[in-house]
Amino acid sequence: MSLIGKIGITIIYNEYTILKSWWKTALLLFVIQAIVFIVLSIWNEKTTKRLKRLLLPMIFLFMGIVGLIYTYYDFTETSHRLLKKTFHFGFYIFWLTWFGNCIFFMSKKSQKIEDIPQETEVY
């Protein structure tokens with residue numbers, strides 16, 4: 001983040017103080033991605049029908065598309081366009097991994113659990 005961005009956050013935009021530290025921002029985005037992955041994993045394990053299994057990843061994919069469009073708009077039309085390109089790329093990478101999570105769970109096939117026969121001891 002640029003010096004002007006850090007000064008602006010310190011003086012005017014106090015709610016964005018987490019963005020001043022790159023590792024705090026990265027940790028926050030990682031936690032969000034982990035939560036999305038866990039929610040989709042649990043949903044995938046609990047549902048058996050393909051159409052129902054695709055429902056939540058499709059909803060998350062739609063939310064991601066809306067988030068990407070809003071992020072692009074925010075970084076081109078508002079005062080956030082003054083932030084550095086690496087800051088912008090970080091958020092675009094966030095949305096790409098969001099899409100990756102959704103596509104992974106949409107393309108994942110259900111695994112059938114088969115009973116494994118128990119071995120009997122022979123004396």
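The values are calculated or read from the model by the stated rules, or taken from the named source; none is laboratory data. Predicted, not measured: the structure shown is a model, and the values here were computed from it. We place every Cβ from the backbone using ideal geometry, glycine too, and count neighbours over all the protein chains shown.
So which residues in the range 29-66 are at pLDDT below 90, exposed (fewer than 13 other Cβ atoms within 10 Å of the Cβ) and assigned to a helix (DSSP H, G or I), if there are any at all?
E45, K46, R50, L51, K52
Quick one: count up the residues across the range 59-71 that are closer than 13 Å to F99 by Cα and in contact with a helix residue (DSSP H, G or I) (Cβ under 7 Å, 6 or more places away or on another chain).
Summing the residues that are closer than 13 Å to F99 by Cα and in contact with a helix residue (DSSP H, G or I) (Cβ under 7 Å, 6 or more places away or on another chain) in the range 59-71 gives 5.
Only one residue in T10, T25 is modelled with pLDDT under 85 and surrounded by 13 or more Cβ atoms within 10 Å (Cβ to Cβ), so which one is that? Give the derivation first.
Numbers: T10 fails: surrounded by 13 or more Cβ atoms within 10 Å (Cβ to Cβ).
Matching residue, one of T10, T25: T25.
Just to check your reading of the model, which residue among I113, I69 is modelled with pLDDT of 75 or more, over 17 Å from A34 (Cα atoms) and hydrophobic (A, V, I, L, M, F, W, C)?
Answer to the selection: I69.
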